[in-house]
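The values are calculated or read from the model by the stated rules, or taken from the named source; none is laboratory data. Bear in mind that the values here come from a model prediction, so they are computed numbers and not experimental data. Virtual Cβ from ideal backbone geometry, glycine too; neighbours counted across all protein chains shown. Calculation scope for accessible area: heavy atoms of the full protein, side chains included, ligands and nucleic acids excluded. Shrake-Rupley method; radii C 1.70, N 1.55, O 1.52, S 1.80 Å.
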Amino acid sequence: MKVAELMETKLKTVTADTTVGEAIVTVADAHVSAVPVLDRSQQFVGVLSTTDILEAEAECRDADERERLFRETLVRDIMTVNPQTVEPDDDVKDVAQRMLYLEVHRLFVVYDGQLVGVVSQSDIVRAVATAKI
């Protein structure tokens with residue numbers, strides 16, 4: 001089975017210039033644990049995950065600093081840069097092994113330099129449970 005058969009293509013994204021507070025709203029509204037980050041020219045430049053947000057928040061010493069994090073800090077300052085990607089034609093078993101090796105829950109799918117989707121561990125488990133793999 002190929003990644004293209006499992007991947008989600010309707011992605012919520014944020015820009016590198018989005019504030020952390022605005023990005024948190026996007027993540028929460030989309031019911032996801034990470035969103036791809038695009039630059040001004042719509043190129044995929046990073047991933048903002050709940051882990052990135054929690055790590056940044058953990059460094060805040062008080063409520064004022066936490067408020068500044070949400071209001072003034074830009075996504076580019078806390079996102080994961082140069083994220084690992086896969087292609088739509090990649091084999092799902094290989095991608096699953098790669099996720100385990102990298103200790104990540106999802107990999108974004110890029111085709112011809114453009115972000116086209118995401119495949120997650122949940123997508124793979126669902127496919128196994130429904131005997132698609």
Tabulated pairs, the stretch 12-24, first modelled with pLDDT of 95 or more, second of a type in the set (Asp, Glu) and assigned to a loop (DSSP other than H, G, I, E, B), C-beta under 9 angstrom, 6+ apart or interchain
15/39; 16/39; 17/39
Tell me yes or no: at least one residue of the stretch 35-48 is at pLDDT 95 or above, over 17 Å from residue 111 (Cα atoms) and among the charged types (D, E, K, R).
no
Answer yes or no as to whether residue 119 is within 17 Å of residue 8 (Cα to Cα), modelled with pLDDT of 95 or more and either open to solvent by 30 Å² or more (accessible area, probe 1.4 Å) or under 14 Å from the mean Cα position of the chain (by Cα) (or both).
yes
I need the full set of residues from the stretch 89-104 which are under 15 Å from residue 117 (Cβ atoms) and open to solvent by 60 Å² or more (accessible area, probe 1.4 Å), in order please.
89
Checking the condition open to solvent by less than 50 Å² (accessible area, probe 1.4 Å), under 19 Å from residue 9 (Cα atoms) and among the hydroxyl-bearing types (Ser, Thr, Tyr), which residue from 85, 73 passes?
85
Restricting attention to the stretch 25-66, which residues are free of Cβ contacts under 8 Å to residues at least 40 places away in the same chain and β-branched (Val, Ile, Thr)?
25, 26, 27, 32, 35, 45, 50, 51, 53
Selection from the stretch 12-26 of residues that are open to solvent by 50 Å² or more (accessible area, probe 1.4 Å) and of a type outside the set (D, E, K, R):
13, 15, 24, 25
With respect to residue 111, determine if the residue is surrounded by fewer than 18 Cβ atoms within 10 Å (Cβ to Cβ), among the hydroxyl-bearing types (Ser, Thr, Tyr) and under 18 Å from residue 2 (Cβ atoms).
yes
Hey, residue 107 hits all of (1) free of Cβ contacts under 8 Å to residues at least 60 places away in the same chain; (2) of a type in the set (A, V, I, L, M, F, W, C); (3) in a helix (DSSP H, G or I); (4) within 15 Å of residue 121 (Cβ to Cβ) but one; which does it fall short on?
(3)
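Go through 55, 72 for me and flag whichever is closer than 25 Å to residue 120 by Cα and acidic (Asp, Glu).
Details: 72 fails: closer than 25 Å to residue 120 by Cα.
Exactly one residue qualifies, and that residue is 55.
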